[in-house]
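A short worksheet on the structure shown next.
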Amino acid sequence: MELALFCTKVNILILVLALCSPCKFFQSPVDFGSSDFLRTRDTAASLDFGRLVFNSPSAVLRPRSPMGISLLLTFLSASSFSQVTVAARGAGHSIHGQAQALDGIVIEMDSIPSDIYIHKRGDDEVGFSHADISGGALWIELLEESLKLGLAPRSWTDYLYLSIGGTLSNGGVSGQTFKYGPQISNVLQLDVVTGKGELMTCSPTKNSELFYAVLGGLGQFGIITRARILLQDAPQKVRWVRAFYDDFDTFTGDQELLLSMPDLVDYLEGFIVPNQPSLLGTSIAFPAHLGFMPEFHKVYYCIEFAVHDFQTGGANAEQVVEKITKQMSHMPSLVHSVEVSYFDFLNRVRIEEMSLRSRGLWEVPHPWLNMFVPKSGIKHFKDLLLDNIPPEEFEGPILVYPLLRDKWDANTSAVLPDAPVEQVVYIVGVLRSATPASCSARCLGDILRRNRRIAEAASAPRIGGKQYLPRHPSPLHWRDHFGLRWNRFAARKSLFDPLGLLAPGQGIFAGTHDSTV
Ligand code: FAD
């Protein structure tokens, strides 16, 4: 009966056919409003960067406008198909199937044209330079377009082939975060299709509950179809510096020194060097060796910072770097610096990607673990990591760098460690690759179990960490993850996606699919 009602619209009938599993005859792309609907069991929609989870959807929607998304969610909300889940897929660079929807519908956001509009301060009433850009567009597209007018976003991720909606659903963290906050602190306005199918514009002053819910909201409340991103004047060149340490306290001490110099430092990261080969692949702009004979089994540390070429007070970037490094306590003579274009600096991981791709080392499983750790727990966390992962086993970098809590808006859905008195919070990214040559399926399972043990131990009060890009085995673990913020998160879910249609791959709510390997 209900089906008959909806069948008055051809495109809806097609959707119904796509969702009925017995209708196996339905194979080819068809029109759904202004969208393509593909019935599929075996596409890119069941694959992500992690290559750990492979959940096939029943159908893939390739909308040509936000209206296609709104039609779909409105229909599902009002029909007996409300148990069918829907995942937006940006660039599919999740690790654990977060953008997948087992037997549900995946919306491929890249089918909506990127449409990027750059506004220089003074062009309109907004008062800041900003960009309006589609949710499925990539950050690299925004960089290319904004640089044409000498502008660029203030806050980045290390890798730019990620979608606007994908990183805003998490946080978006990189070496600029200590200074400008994560990407979610640099958004002025969003267009969102809620789980109920409503198309809404939201900002800190308009529909603000939706605005803050969606930022860092893990795709749970709505699908970002457009974002207004704050821009600033872009430098032409960047001086990029690396300094090495053989002592963790000195390394973090210097990182916190640089953290206190936002007027001089434009980018601040750092990483653990557990073995000499791990330097390979951190950047081809620098030597892939330490520059001295490392002690056997000794772990080293590297601070990476950058200074933009325009500086107030007439000093050039090289002079600023000299002034900064004089105050640092790195190993004698172990500081290197290079000058690169701003574009190449921001796009640095692409070069590593190309190199890894050419060696068949990009499309491999990535059992990554990312955590926020309060300053008081960072040394324990480093020890925990190195106790659990033998240094010689490491392939890929272990990023460690500090951020400032007050650059994060507590109204957003993003979760930082609970200790609110601690201003300094470290982000740690254990970015391992499991190449088939070095890691069998059993070894991959071991790494994932070890990651889980590390994440659990790090969440205990002694360290007080929280996962970034989180993955938890059950809704109960998710409650722990959100802690005091759980009630607000759940209330927002009831408000904007009451039927629990969106982003099932996160596995946050009971009944959504847990796809942990
Ligand atoms: P997807 O994997 O497509 O989706 C991620 C989640 O967001 C899913 O739940 C999905 O349903 C949801 N989603 C996607 N699009 C939308 C939308 N338009 N509206 C609402 N929800 C949506 N992160 C950092 O913070 N800093 C880094 O430096 C960084 N570097 C990375 C480097 C690499 C090589 C990789 C693979 C990842 C990196 N990440 C980094 C992690 C990355 O930010 C997240 O994985 C992000 O989700 C990827 O964006 P995506 O477009 O691929 O998202």
Looking only at the stretch 126-141, and only at residues there that are assigned to a loop (DSSP other than H, G, I, E, B) and more than 16 Å from the ligand (Cβ to nearest atom), the one that is nearest to residue 204 (Cα to Cα): 126
Residues that are surrounded by fewer than 17 Cβ atoms within 10 Å (Cβ to Cβ), in contact (Cβ under 8 Å) with a residue 12 or more places away in the chain and acidic (Asp, Glu), drawn from the stretch 304-337: 318
Selection from the stretch 149-191 of residues that are aromatic (Phe, Trp, Tyr) and more than 7 Å from the ligand (Cβ to nearest atom): 156, 161, 178, 180
Positions within the stretch 410-444 being under 17 Å from the mean Cα position of the chain (by Cα) and not polar (S, T, N, Q), in sequence order: 414, 415, 416, 426, 427, 428, 429, 430, 431, 432
Spans of helices (runs of 4 or more DSSP H) in the stretch 142-223 with at least 1 residues touching a Ser or Thr at 6+ places or on another chain (Cβ under 9 Å) and among the aliphatic types (A, V, I, L, M): 164-168, 208-214
Pick from the stretch 77-95, criterion modelled with pLDDT of 95 or more and of a type outside the set (Gly, Ala, Ser), ranking: least open to solvent (accessible area, probe 1.4 Å): 86
Selection count, the stretch 237-262, where residues are in a loop (DSSP other than H, G, I, E, B) and either at positive phi or at pLDDT below 95 (or both): 1
Odd one out for residue 214 among (1) out of contact with any helix residue (DSSP H, G or I) (no Cβ under 6 Å at 6 or more places or on another chain); (2) of a type in the set (Val, Ile, Thr); (3) open to solvent by less than 10 Å² (accessible area, probe 1.4 Å); (4) more than 9 Å from the ligand (Cβ to nearest atom): (4)
Residue satisfying condition, being assigned to a loop (DSSP other than H, G, I, E, B), at pLDDT 95 or above and not acidic (Asp, Glu), within set 333, 413: 413
Unmet criterion (only one of (1) under 16 Å from residue 218 (Cβ atoms); (2) touching a Gly at 6+ places or on another chain (Cβ under 8 Å); (3) part of a helix (DSSP H, G or I)) for residue 480: (2)
Qualifying residue in the stretch 109-116 (condition: more than 14 Å from the ligand (Cβ to nearest atom) and part of a strand (DSSP E or B)): no
Any hit, the stretch 388-397, residues being under 18 Å from the mean Cα position of the chain (by Cα) and part of a loop (DSSP other than H, G, I, E, B): yes
Residues of the stretch 82-98 classified as in a loop (DSSP other than H, G, I, E, B) and under 13 Å from residue 48 (Cα atoms), total: 9
Top-ranked residue of the stretch 342-370 - restricted to ones that are among the polar types (S, T, N, Q) and out of contact with any strand residue (DSSP E or B) (no Cβ under 6 Å at 6 or more places or on another chain), ranked as modelled with the highest pLDDT: 347
Subset of the stretch 417-457 (residues that are under 17 Å from residue 468 (Cα atoms) and either open to solvent by less than 20 Å² (accessible area, probe 1.4 Å) or part of a strand (DSSP E or B) (or both)): 417, 424, 425, 426, 427, 428, 429, 430, 432, 451, 454, 455
Residue that is farthest from residue 210 (Cα to Cα) [pool: residues in the stretch 455-513 that are within 14 Å of the ligand (Cβ to nearest atom) and of a type in the set (A, V, I, L, M)]: 469
Within the stretch 376-399, tally of residues that are surrounded by 18 or more Cβ atoms within 10 Å (Cβ to Cβ) and more than 15 Å from residue 273 (Cα to Cα): 4
Pairs with Cβ under 6 Å, 6+ apart, first in the stretch 401-416 and more than 21 Å from residue 270 (Cβ to Cβ), second of a type in the set (A, V, I, L, M) and assigned to a loop (DSSP other than H, G, I, E, B): 412/215
Residue 340 open to solvent by less than 50 Å² (accessible area, probe 1.4 Å), away from the ligand (no atom under 16 Å from the Cβ) and outside any helix (DSSP H, G or I): yes
Given (1) away from the ligand (no atom under 13 Å from the Cβ); (2) within 17 Å of the chain's Cα centre (by Cα); (3) among the hydroxyl-bearing types (Ser, Thr, Tyr), number of the condition residue 146 does not satisfy: (2)
Check on residue 101, within 9 Å of the ligand (Cβ to nearest atom) and either closer than 29 Å to residue 269 by Cα or in a helix (DSSP H, G or I) (or both): no
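The values are calculated or read from the model by the stated rules, or taken from the named source; none is laboratory data. Note that the coordinates shown come from a computational prediction; the quantities given were computed from them, not determined experimentally. In this analysis, Cβ positions are derived from the backbone assuming ideal geometry, glycine residues included, and neighbour counts consider all displayed protein chains. Ligands, DNA and RNA are excluded from the accessible area calculation, which covers all protein heavy atoms including side chains. Shrake-Rupley method; radii C 1.70, N 1.55, O 1.52, S 1.80 Å.
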